[in-house]
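Have a look at the structure below before the remarks.
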Amino acid sequence: GEAMWEVFLFTVSMFQVSGHGVMQVPPAWVNSGGKLVENATRNECNMKCLHNYLMRGVVSTAPGCGCLWFTNNTKIPGKPTIPDDSPLRTFLDHEDRSDRPWRAPGTAKSYPCGVFGGNPSGCGKLEGNLCIYGGAQYGPDARLFDFPDVVTTRYKIGSTIETIWGINTNHGGGYSYRLCRLPKNGKIDITESCFQNLTLKFESDKQAIQFDNGTRVYFQGMKTSKGTHPPGSEWMRNPVPSCKPHGEVSTIPHCPQGTFFKPPVPGVFGRGIYQVTPLMAKMTFDWSIVDRIVIPEGLEAGKYVLGWRWDSEQEPQVWASCADIELVE
């Protein structure tokens, strides 16, 4: 049968504006001990993690809590560089999404490794204990948080590596991978500019969906380096289409009105979550997205941070994960 997870649903509006994703391979800081990778390739995003923070001020690093690190309410500073009629578009409805991060990839301001809850400076108007436009307020910056049992992955300079990321709530858009040489003072000094100075290329536009049973299905993805920031940086479109007409969470698990574009693999589409009762929702994605990334020749050996940045198109949000890696000759 279809694998699902029950999660506590605080408010319907919270799920309507909070998409979640996380880098799984290599294990990100948030994946303590690499447990997410060991237990499942899926991104298990548990809303109880957010509840623990809101009610008790506890930022959990348990498996299932890795997908709550992002930048909320961030928009592109200029005009879209991805045209209205581009096949790179992922949300084509009547709403104006021209200021969303994916419409000019890489230009929306973001915290390079995310912030727990997405709103480090507060969010003004609240609905209950949640920010009305998504997430929670005053959470820590990932660069300042002491994650336990962080895994360091070793890669060879000039090699092609495999990366995997998972979606909980699908907000379309696209993503990029970047490197930053670990600063002398540690991760506290990591900046978005550092990542932008060393963006990585995809080996090709070939991608795969990896199901939790280990099965992989390959397909042709869609990448771009036009209109991206920094200029020439490569970004891959999120290959998973959400539901028409608006991609909002509903009581229906699938897409009765169809999807915004053709699914890359049969059954790989949707919102990722649906409302069962006013206080309960279920997750439906039992797979992750696989890419192959090129580590450039000519880099110095040493400690680096690999960054994954997902620019949303549905909402004004940027999701991020960072992983410790060591590059060797």
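Take the residues in the stretch 194-251 that are among the basic types (Lys, Arg) and assigned to a loop (DSSP other than H, G, I, E, B), then tell me which one is modelled with the lowest pLDDT.
LYS244
Condition test on LEU179, is it modelled with pLDDT under 95 and closer than 29 Å to ILE76 by Cα?
Considered against the rule, which asks whether it is modelled with pLDDT under 95 and closer than 29 Å to ILE76 by Cα, LEU179 comes out as no.
(1) part of a loop (DSSP other than H, G, I, E, B); (2) under 30 Å from ILE295 (Cβ atoms); (3) open to solvent by 30 Å² or more (accessible area, probe 1.4 Å): which one isn't true of SER121, the others all being true?
Here SER121 clears every test but (2).
Identify, by number, the condition in (1) modelled with pLDDT of 95 or more; (2) assigned to a strand (DSSP E or B) that ILE167 doesn't meet.
(1)
Scan GLY173, GLY166 and give me the residue that is closer than 21 Å to PRO230 by Cβ and touching an Asp or Glu at 6+ places or on another chain (Cβ under 9 Å).
That would be GLY173, the only listed residue that is closer than 21 Å to PRO230 by Cβ and touching an Asp or Glu at 6+ places or on another chain (Cβ under 9 Å).
Looking at this structure, is LYS206 more than 21 Å from the chain's Cα centre (by Cα) and surrounded by fewer than 18 Cβ atoms within 10 Å (Cβ to Cβ)?
No.
Among the residues of the stretch 147-186, write down those that are crowded, with 22+ Cβ neighbours inside 10 Å and of a type in the set (Lys, Arg).
Once the filter is applied, which keeps residues that are crowded, with 22+ Cβ neighbours inside 10 Å and of a type in the set (Lys, Arg), the stretch 147-186 yields only ARG178.
Of the conditions (1) in a strand (DSSP E or B); (2) of a type in the set (Lys, Arg); (3) open to solvent by 40 Å² or more (accessible area, probe 1.4 Å), ARG143 satisfies every one except a single condition; which number is it?
Of (1) in a strand (DSSP E or B); (2) of a type in the set (Lys, Arg); (3) open to solvent by 40 Å² or more (accessible area, probe 1.4 Å), only one is false for ARG143: (1).
Within the stretch 67-92, can you find the residues that are over 26 Å from LEU54 (Cβ atoms) and either touching a helix residue (DSSP H, G or I) at 6+ places or on another chain (Cβ under 6 Å) or surrounded by 13 or more Cβ atoms within 10 Å (Cβ to Cβ) (or both)?
ILE76, PRO80, THR81, ILE82, SER86, LEU88, ARG89, THR90, PHE91, LEU92
So, PRO230, is that one touching a strand residue (DSSP E or B) at 6+ places or on another chain (Cβ under 6 Å), farther than 20 Å from ARG292 by Cα, open to solvent by less than 70 Å² (accessible area, probe 1.4 Å) and not acidic (Asp, Glu) or not?
no
What are the pairs with Cβ atoms under 9 angstrom where one residue, in the stretch 139-154, is more than 17 Å from LYS35 (Cβ to Cβ) and in contact (Cβ under 8 Å) with a residue 12 or more places away in the chain and the other, located anywhere, is open to solvent by 50 Å² or more (accessible area, probe 1.4 Å) and acidic (Asp, Glu)? Sequence gap at least six, or different chains.
From the stretch 139-154, the pairs are ARG143/ASP189; ARG154/GLU326.
When only residues in the stretch 260-280 that are over 15 Å from GLN220 (Cβ atoms) and aliphatic (A, V, I, L, M) count, which is modelled with the highest pLDDT?
Looking at the filtered set, the residue picked out is ILE273.
The values are calculated or read from the model by the stated rules, or taken from the named source; none is laboratory data. Just so we're clear, the structure is a prediction, and the values are computed from it rather than from any experiment. Counting neighbours? That spans all protein chains shown, and the Cβs are built from the backbone with ideal geometry, glycine included. Just so you know, the surface numbers come from the protein's heavy atoms only, side chains and all, with ligands and any DNA or RNA stripped out. Shrake-Rupley method; radii C 1.70, N 1.55, O 1.52, S 1.80 Å.
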